[in-house]
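S.K.: Pasting in a structure now, in structure tokens, and then I'll have a few things to ask.
The values are calculated or read from the model by the stated rules, or taken from the named source; none is laboratory data. Just so it is clear, the model here is predicted, and its values are computed rather than measured. So basically every Cβ, Gly included, is an ideal-geometry build from the backbone, and we count neighbours across all protein chains shown. SASA here: full protein model, heavy atoms, side chains in, ligands and nucleic acids out. Shrake-Rupley method; radii C 1.70, N 1.55, O 1.52, S 1.80 Å.
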Amino acid sequence: MSEQPITAVYPGSFDPLHLGHVDIVRRATGMFPRVVVAILENTEKQPLLPVSERVRLATESLAGFPGVEVTAFSGLLVDFMRHSRARIIVRGMRAVSDFEYEFQLALMNRRLWDAVDTVMLTPNEAFVYLSSRVIKEIWTLGGDVSGLVPEPVRDALHALRVG
Ligand code: PNS
């Protein structure tokens, strides 16, 4: 048996981080002593926020949770996990509509590295309707995202708009 504390990795784009994500992190910290929030540096998509800013905002927003680390990653998730000595992936599952994608991801990651397991957590129902895509759309159209994202993210999005 390994002496290492069990590490779970919560991967995603987090562009931007919203309160549903924070709720999943909170739940994960109740299950695992070390939770690494791994933010994908996606070179294909044009992000709303650069990865360095997403890391900064998540670090600030999640500072109150014990055992949480925030870092960027690129390339295959399983390679990052090997490097981080982690075998557990945490993902949020909001509704049946998430299932197909999450199931595909979980099985593909295990196909790439059979030591890996995915734990799906459901957020509080108050956050089930939240997604980064919807937050982005509200923000792009001039709407108020207060109460949907952590305060540091709200402030950063506000500053982005004001310029
Ligand atoms: O929450 P998101 O933005 O849909 O997260 C998707 C993410 C980052 C978990 C997924 O795209 C990913 O792990 N990308 C890294 C590349 C990879 O490992 N792909 C193979 C698994 S399908």
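S.K.: For the chain, what is the calculated [θ] at 222 nm in deg cm²/dmol (nearest 500), taking -39500 (n - 2.57) for each run of four or more DSSP H residues and dividing by its residue count?
M.R.: -12500 deg cm²/dmol
S.K.: Compute the accessible area per residue over the chain, keeping the other protein chains in place, probe 1.4 Å, unit Å².
M.R.: Working: 9370 Å² over 163 residues.
Value for the chain: 58 Å² per residue.
S.K.: Mind putting a number on the dipole of region 1-155 about its Cα centre? Charges go on the C-beta only, +1 for Lys and Arg and -1 for Asp and Glu, and I need it in Debye to the nearest 20. Don't jump to the answer; show the numbers that get you there.
M.R.: Details: 16 positive and 19 negative charges, 63 e Å.
Dipole about the Cα centre, nearest 20: 300 debye.
S.K.: For PHE14, PHE65, give the ranking by accessible area with the largest first, probe 1.4 Å.
M.R.: Greatest to least solvent exposure: PHE65, PHE14.
S.K.: Count charges around ALA58 for me, please; just the other residues with Cβ under 15 Å from its Cβ, Lys/Arg as +1, Asp/Glu as -1. Please list the in-between numbers first.
M.R.: Working: positive: ARG26, ARG54, ARG56, ARG154; negative: ASP15, ASP23, GLU41, GLU53, GLU60, GLU69, GLU151, ASP155.
Taking every other residue near ALA58 into account, the sum is -4.
S.K.: Tell me, what % of the accessible area of the chain is carbon and sulfur with a 1.4 angstrom probe?
M.R.: Values: 5090 of 9370 Å².
In the chain, the share of accessible area belonging to carbon and sulfur is 54 percent.
S.K.: With angles folded into 0 to 90 degrees, how steeply does helix 51-61 sit against the dominant principal axis of the chain? Use alpha carbons for both and round to 10.
M.R.: Once rounded, one gets 90 degrees.
S.K.: Follow-up question, since we're still on this one. From the mean inverse distance of alpha carbon pairs (Kirkwood) and the Cα radius of gyration, derive Rg over Rh for region 7-162.
M.R.: On the way: Rg = 15.0 Å, Rh = 15.9 Å.
Reported Rg/Rh, Kirkwood definition of Rh: 0.95.
S.K.: Here's a follow-up. For GLU69, enumerate residues with amide H under 5 Å from its amide H, sequence gap 5+ or separate chain, H modeled in the peptide plane.
M.R.: Long-range HN contacts for GLU69: VAL35, VAL36, VAL37.
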